[in-house]
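Quick note: the coordinates plus some simple rules give every number you see, no bench work behind them. Only a predicted model underlies this, so the values are computations on that prediction, with no experimental measurement involved. In this analysis, Cβ positions are derived from the backbone assuming ideal geometry, glycine residues included, and neighbour counts consider all displayed protein chains.
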Amino acid sequence: MAHYNVLFLCTGNSVRSIMAEAIMNHRGAPNFTAFSAGSHPSGMPRPEALRQIERAGMPVEGLRSKSWDEFAISDAPKMDYVFTVCDNAANEACPFWPGQPMTAHWGIPDPAAVKGTEEEIGRAFRDAFVVLDRRIGLFLSLPHSTLQKLALQQKIEEIGGS
């Protein structure tokens, strides 16, 4: 099977894109390598996101908040897929991605914006993780090497709307 690089984008690169990177690297290995970045990175992943990743039995080593500029330079890994996972990043002018990767918007509500009890905030982080895990699972089940590019693009967009 071919190898694919996937980039998950969000504004702060501290919760949703970080969780998506961890999920994809865990579930998609060895055929998929995931990265994450933000247009205005916060500087560090949220502890609640890292705890959620660890609770799922996935490693958190190496996860860091970084700018999408790291992936727009000439010697950056070539991306096959680029997903925005927050509405702010979907509305921003993204850098040019070499190789014309397939792109889609998978909007996920921001758990970091939830106000309430510790239990309510924890539930928001779990819910975001579960939605990302489900969408990534569906994405990984697609026959990437046999679908034509247009059909694959349509399926990827459908996953984001589910």
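Pairs meeting the criteria (first residue in region 1-30 and free of Cβ contacts under 8 Å to residues at least 40 places away in the same chain, second residue buried (at least 23 other Cβ atoms within 10 Å of the Cβ) and assigned to a strand (DSSP E or B), beta carbons under 8 Å, at least 6 apart or on different chains) are Asn25/Ala34. Just one of the listed residues (Ser42, Ser65, Ser36, Ser74) is part of a loop (DSSP other than H, G, I, E, B), among the hydroxyl-bearing types (Ser, Thr, Tyr) and crowded, with 20+ Cβ neighbours inside 10 Å, and it is Ser65. Filtering region 6-27 for residues that are assigned to a helix (DSSP H, G or I), within 12 Å of the chain's Cα centre (by Cα) and surrounded by fewer than 22 Cβ atoms within 10 Å (Cβ to Cβ) leaves a non-empty set.
Among the criteria (1) closer than 20 Å to Phe8 by Cβ; (2) in a helix (DSSP H, G or I), the one Pro109 does not fulfil is (2). Looking only at residues in region 106-162 that are surrounded by fewer than 18 Cβ atoms within 10 Å (Cβ to Cβ) and β-branched (Val, Ile, Thr), the one that is farthest from the chain's Cα centre (by Cα) is Thr117.
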